[in-house]
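Notes follow the structure.
A short reminder: the numbers here are calculations on the coordinates, not readings from a lab. Please read all numbers here as calculations on a predicted model, not as lab measurements. Backbone-built Cβ (ideal geometry, glycine too); neighbour counts: all protein chains shown.
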Amino acid sequence: MTSDIRFAVVDQIDINDLKGFYDAQGSVIPQSIDKLSKMVDNSVCFVTAREEDGRLIGIARGVADGVRGYLTECKLDPSRQGPGAVTHIDGRIEHDQYGIAMEMATRVIKALAAQGCERIDAAAYGTEVDFCEELGFKRASGIVPMCLNVSDHEEYGASSGKQNS
């Protein structure tokens, strides 16, 4: 039931509002207002879900290069996920009883497709795998998810603050 929810694809979002949403979810998204602003600016699509009173209860966003896209996050306040949400960690989709997360993610996928993306990837944790499969994602065989925390590697210049030429 999403009739009391306002969805919007936005170019701009109040960064303090976004930070408040992440903080309420216990998210580890960068806490710097400047980094959050840059993250929003570099997203191809940013979808918000708000209650009638304007409270931000969900966000989803995508990044793309014009051929490949990435559903980089879809977070929903656990209080709006339904009684099956058990972890209440980081806004991860544990249960989407009201279809709010599905609506946000669908809007991001459509925006990425409109940008010309031929393939859209996503990373899923735990029960989010089921959520992604409901959206039409399939498990990618042979792919090993990997990540690099740049701040852990001085040779990339991030921790020392030096600029690469």
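Annotations
- Of the residues K138, K38, the one with the fewest other Cβ atoms within 10 Å heads the list, and the complete ranking is K138, K38.
- Neighbour net charge for E51 - beta-carbon separation under 13 angstrom, K R +1, D E -1: -1
- A simple charge model with +1 on the Cβ of Lys and Arg, -1 on the Cβ of Asp and Glu and nothing else charged puts the dipole of the chain at about 300 debye relative to its Cα centre.
- Sorted by Cβ neighbour density within 10 Å, fewest at the top, the residues C74, C45, C132: C132, C45, C74
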